[in-house]
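Below: the structure, in structure tokens.
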Amino acid sequence: MTRRRSGVGPVLATWTTLALSCALPSAATAEALPEALAKAYQTNPQLNAERARQRATDENVPQALAGYRPQLVASLSAGLQSVRNLLPNNTIQTADLKPWVIGVTVTQTLFNGFRTANNVRAAELQVQSGREALRNVGQGVLLDAVTAYTNVLANQSLVEAQRSNVAFLRETLAVTQRRLNAGDVTPTDSAQAEARLNRGLADLNAAEVALAVSQATYAQVIGNAPSQLKPAEVVDRYLPKSREDALSMAIRQHPAVMAAGFDVDVASTNIRVAEGALLPSASVQGSASKSRNNDPTLGTFAEDQASIVANVTVPIYDGGQAAAQTRQAKEVTAQSRLVLDQVRNQARTAAVSAWVANEGAKIAVSASESEVKAATVALQGVQREAAGGQRTTVDVLNSQADLIQAKARLIGALRDRVIASYTLLSAVGHLDVKTLNLNTPDYLPEVHYQQVRDAWHGLRTPSGQ
């Protein structure tokens with residue numbers, strides 16, 4: 001390490017040294033971070049559930065478009081009818097009839113206060129909002145995958161560092177006991193070495209537990225157990241160049257902000273939907289029917305009917321329901337605008353936090369690298385001085401503890417550096433398959449939307465369910 005930089009080079013070099021020593025030996029099973037992200041994008045249950053929710057939201061549009069289409073109803077009734085009539089001359093007339101009626105009615109709405117048009121508009125805006133919500137969930141899943149990947153990588157490195165620490169402490173204890181037998185040190189030195197070894201074993205156990213937990217989380221998020229993991233790269237090349245750029249991108253392009261903006265449009269459209277109930281409505285209805293075996297006292301045994309009727313209704317007073325619904329829609333719109341402001345503030349705060357954290361992570365990696373280098377040199381010096389009788393056993397143990405703590409901080413700093421870069425990319429709304437150029441097809445919600453938008457019939461989904 002000849003020169004400290006904050007870019008990809010030092011991070012990859014240190015990950016290569018620290019993170020791969022306990023991985024599986026077969027290179028054929030090695031998995032890089034982009035591959036893990038592609039698997040998570042394809043198989044993550046949370047993301048797939050959100051895609052299903054969006055497909056369900058798409059169906060709101062054909063439901064709204066149904067208001068433009070005619071409604072066709074067919075009816076059939078049949079049965080047995082026993083008739084017993086008492087005539088004026090005290091005679092009784094009986095008959096067993098089998099009446100039946102078949103008919104068809106077609107109703108077409110001509111005007112309903114623009115409610116159909118506004119319902120279609122609101123449904124289309126809900127689809128747009130849902131797409132942004134899906135994109136936001138996708139960002140969260142990819143960031144979770146990055147976190148799971150780097151946690152496994154970091155915990156693998158930490159386990160290996162703790163194993164090296166235990167091996168060093170075992171050797172130190174053995175040397176101390178030999179020197180104790182030779183009368184060069186006191187029993188206190190041996191007890192101190194033994195105590196540090198037991199602490200090292202406890203730290204190794206804690207690191208192994210953390211690794212097992214992170215491996216389970218990895219399998220949950222990405223869909224398979226981790227194998228040999230390659231060093232994780234930062235994504236600085238995709239990040240904004242300044243904090244101002246990050247802020248601008250966050251409040252304009254973050255999917256949560258865009259979804260909230262569409263929600264405002266939905267709420268505004270719903271005001272017009274509610275106001276439509278106060279306007280006249282017009283429809284035309286055509287019907288045809290055929291009946292047989294009517295009551296013989298009516299003088300007919302069959303009847304055929306056909307009619308076409310135009311209906312115009314003008315609401316005068318409905319008890320105040322439409323007015324209340326209109327006022328309610330206006331309040332919901334006001335609420336949606338306030339939520340939009342809130343989401344923008346949250347996006348602004350998240351962008352600033354992510355920018356600062358990313359810059360701080362660069363400094364932390366550089367400082368940790370220097371600390372490990374200095375702690376390594378210090379330990380080597382203390383060991384030489386202890387061999388010459390100028391240092392005690394506890395000095396060596398303390399120097400080793402400083403080194404292992406420095407390595408742990410470097411491992412954490414490297415993990416935080418990668419996560420911070422992806423977090424900043426997410427904060428500006430660009431953590432997606434296209435930006436990362438992942439080797440997986442991008443899920444396009446508009447494909448399903450076009451498949452169902454103008455569907456007039458059919459119970460099966462485009463996927464065949």
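Here are the numbers for this structure:
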{"read-out": "Hits in the stretch 372-383 - residues which are in contact with a Leu (Cβ under 7 Å, 6 or more places away or on another chain) and open to solvent by less than 40 Å² (accessible area, probe 1.4 Å)", "value": "372, 375, 379"}
{"read-out": "Any chance residue 273 is farther than 30 Å from residue 72 by Cα and surrounded by 18 or more Cβ atoms within 10 Å (Cβ to Cβ)", "value": "no"}
{"read-out": "Filter result for the condition that a residue is modelled with pLDDT of 95 or more, in a helix (DSSP H, G or I) and open to solvent by 50 Å² or more (accessible area, probe 1.4 Å), over 266, 257, 213", "value": "213"}
{"read-out": "Hits in the stretch 200-216 (condition: free of Cβ contacts under 8 Å to residues at least 12 places away in the same chain and either closer than 16 Å to residue 397 by Cβ or not assigned by the TED database to the domain that holds residue 146 (or both))", "value": "202"}
{"read-out": "Condition met for residue 152 (out of contact with any Ser or Thr (no Cβ under 6 Å at 6 or more places or on another chain) and closer than 30 Å to residue 209 by Cα)", "value": "no"}
{"read-out": "Test: residue in the stretch 209-225 that is farther than 30 Å from residue 34 by Cβ, of a type in the set (S, T, N, Q) and out of contact with any Asp or Glu (no Cβ under 7 Å at 6 or more places or on another chain)", "value": "no"}
{"read-out": "Search result, residues across the stretch 128-176 that are open to solvent by 30 Å² or more (accessible area, probe 1.4 Å) and closer than 21 Å to residue 410 by Cα", "value": "147, 151, 158, 160, 163, 164, 167, 168"}
{"read-out": "Residue pairs meeting the criteria (Cβ under 8 Å; at least 6 apart or on separate chains; first of a type in the set (Gly, Ala, Ser), in the stretch 103-119; second open to solvent by 60 Å² or more (accessible area, probe 1.4 Å) and not in a strand (DSSP E or B))", "value": "113/275; 113/278; 113/279"}
{"read-out": "Filtered residue count, the stretch 88-97, keeping only those that are in contact with a strand residue (DSSP E or B) (Cβ under 7 Å, 6 or more places away or on another chain) and of a type outside the set (A, V, I, L, M, F, W, C)", "value": "3"}
{"read-out": "Flag if residue 333 is touching a Ser or Thr at 6+ places or on another chain (Cβ under 6 Å), surrounded by 15 or more Cβ atoms within 10 Å (Cβ to Cβ), of a type in the set (Val, Ile, Thr) and assigned to a helix (DSSP H, G or I)", "value": "yes"}
{"read-out": "Test for residue 74: is it small (Gly, Ala, Ser) and either at pLDDT 95 or above or open to solvent by 60 Å² or more (accessible area, probe 1.4 Å) (or both)", "value": "yes"}
{"read-out": "Candidates 366, 353, filtered to the one that is in contact (Cβ under 8 Å) with a residue 60 or more places away in the chain, touching a Pro at 6+ places or on another chain (Cβ under 9 Å), in a helix (DSSP H, G or I) and under 30 Å from residue 139 (Cα atoms)", "value": "366"}
{"read-out": "Cβ-Cβ under 6 Å pairs, at least 6 apart or on other chains, the stretch 121-148 side not assigned by the TED database to the domain that holds residue 38, far side open to solvent by less than 10 Å² (accessible area, probe 1.4 Å) and in a helix (DSSP H, G or I)", "value": "none"}
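One line per residue, one yes/no per condition, for (1) farther than 30 Å from residue 143 by Cβ; (2) surrounded by 13 or more Cβ atoms within 10 Å (Cβ to Cβ):
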{"site": "292", "(1), (2)": "yes, yes"}
{"site": "304", "(1), (2)": "yes, no"}
{"site": "340", "(1), (2)": "no, yes"}
{"site": "359", "(1), (2)": "no, yes"}
{"site": "370", "(1), (2)": "no, yes"}
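A quick yes/no check of all residues on (1) under 30 Å from residue 322 (Cα atoms); (2) out of contact with any Gly (no Cβ under 9 Å at 6 or more places or on another chain):
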{"position": "104", "(1), (2)": "no, no"}
{"position": "112", "(1), (2)": "yes, no"}
{"position": "150", "(1), (2)": "no, yes"}
{"position": "165", "(1), (2)": "no, no"}
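The values are calculated or read from the model by the stated rules, or taken from the named source; none is laboratory data. Here the structure is a predicted model, which is why all the values come from computation and not from measurement. Heads up, the Cβs are rebuilt from the backbone with ideal geometry, glycines too, and the neighbour counts pull from every protein chain shown. We work out accessible area using only protein heavy atoms, side chains counted, and drop any ligands, DNA or RNA first. Shrake-Rupley method; radii C 1.70, N 1.55, O 1.52, S 1.80 Å.
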